[in-house]
Every structure is written in structure tokens, then in C-alpha cells.
Amino acid sequence: MPLFRPTREPRPDDPWLPAKIALFAGGAGCGVAGMATGSSWLVWIGVVFLAAGLLLRFASNRTRVP
């Protein structure tokens, strides 16, 4: 199995980065708040936010021009 060797070339700026960060922060905050209060619905809202951020990550890779 080959080793993973990332390139040292600079990456182009990601225009979706602020949205990804906001979705991660909102999802993590809802998840932690839901676990602290015992509200399963709040945890599921956090999971939806995190899933949306994950989908945005893969969608932004397809729109990148080489």
C-alpha cells in the first residue's frame, strides 16, 4: 500500500470555507448543547448541520477548476 504524500503546492482559495466553518460550528454547538441537556432533537439538528457541511465539502470539490 503506497504512502499518502500530499503535495506542497499552494491550494487555491476555497470560496465555501466560511460556510463550512459556520456549519461545523453550528452543528458542534447544537450537538454539545443537546447532549448537555438530554434533548435528542437538538442532537439531530446538529447532525443535520454536520451532514450539510460534509455534503458542501464534496460539492465544492466538483466545482473546482484545475
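The values are calculated or read from the model by the stated rules, or taken from the named source; none is laboratory data. The shown structure was predicted, so the numbers you read here are calculated from the model rather than taken from an experiment. Cβ: placed from backbone, ideal geometry, glycine included. Neighbour counts: every protein chain shown.
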### Message
I need every pair where a residue in region 1-26 that is at pLDDT 80 or above has its Cβ under 6 Å from the Cβ of a residue that is of a type in the set (Gly, Ala, Ser), sequence separation at least 6 or different chains.
### Response
Trp16/Ser60; Lys20/Gly53; Leu23/Ala52; Leu23/Gly53; Phe24/Gly53
### Query
In region 29-62, what count of residues is obtained for those that are surrounded by 13 or more Cβ atoms within 10 Å (Cβ to Cβ) and small (Gly, Ala, Ser)?
9
